[in-house]
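Structure, as structure tokens:
The values are calculated or read from the model by the stated rules, or taken from the named source; none is laboratory data. In this text the structure is predicted, and so the values were computed from the model without any measurement. Note: ideal-geometry Cβ built from the backbone for every residue, glycine included; neighbour counts use all protein chains shown.
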Amino acid sequence: MDERSQRRTIASYLAPRGFAPRARAALRGLGYALVPAATRGRFDDGSWRPDLRLVDQRHLLRLPRTPDETPIVCVSDGRPREGGDPRVVGFTRRPVAMAALYPMLQAALEPHPRRAARAPTRISARCSLSGRRWTVEIRTLSELGARLEARADLRAGRELNLLFPLPLGRMVSTRARVVGPCAGGLAVTFSGHSSAARAAIADYVERRLATL
């Protein structure tokens with residue numbers, strides 16, 4: 001599923017300061033509608049049905065019991081307290097970061113969950129393979145892979161070297177394994193890039209999503 005093709009409603013029982021910078025904007029960019037529960041009336045109002053509830057663990061017992069058992073992600077300031085509530089699908093720490101929350105949202109709400117968020121891009125990249133060099137355009141990017149707009153006929157499983165720039169003068173060098181054709185281009189997964197490069201990609205993706 002394209003992250004922006006279907007909106008999911010997340011009821012937020014947290015104050016804005018409970019989120020990391022850009023997290024709420026990035027979630028909106030991914031197609032998740034973050035609705036403050038306070039705008040819907042009482043804390044325990046069970047008259048509306050979000051797709052998921054994001055709540056401070058201290059207030060878990062105040063949530064309404066709904067027939068459809070809406071999934072819950074709990075937020076804590078430290079180590080989570082296991083309570084045996086079957087509605088709870090995950091825990092994350094405050095302030096809530098998009099990168100930490102995203103996999104839990106995907107697992108709870110999407111039929112084909114992704115491990116990392118991706119953002120639309122138009123980044124020129126250089127490829128090399130067996131002495132050949134050519135330029136491609138990265139059309140979607142995540143810390144785990146990308147979709148390349150490329151005419152090269154590469155079968156699944158081939159590995160190439162990929163070099164591309166990110167803002168602030170950061171360059172990413174990675175191995176890219178071809179998964180197969182995808183939306184008029186090639187889908188690739190990354191390997192061999194440093195933890196710093198992975199963090200730089202994740203930061204770029206979040207910043208990009210926050211502007212959509």
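Just a few scattered comments:
- For PRO86, the test of being out of contact with any Lys or Arg (no Cβ under 9 Å at 6 or more places or on another chain) and modelled with pLDDT under 90 is passed.
- Boolean, GLN6 is under 28 Å from LEU141 (Cα atoms), modelled with pLDDT under 90 and either over 13 Å from the mean Cα position of the chain (by Cα) or crowded, with 16+ Cβ neighbours inside 10 Å (or both): yes
- Note on the range 116-131: residues that are more than 18 Å from GLY185 (Cβ to Cβ) and among the charged types (D, E, K, R) amount to 0.
- Just one of (1) among the charged types (D, E, K, R); (2) at pLDDT below 90; (3) in contact with a Ser or Thr (Cβ under 9 Å, 6 or more places away or on another chain) fails for ARG94. It is (2).
- Residue within the range 189-204 that is buried (at least 18 other Cβ atoms within 10 Å of the Cβ), free of Cβ contacts under 8 Å to residues at least 60 places away in the same chain and small (Gly, Ala, Ser) present: yes
- Qualifying positions in the range 24-66 - in a helix (DSSP H, G or I) and farther than 29 Å from THR211 by Cβ: GLN57, ARG58, HIS59, LEU60, LEU61, ARG62
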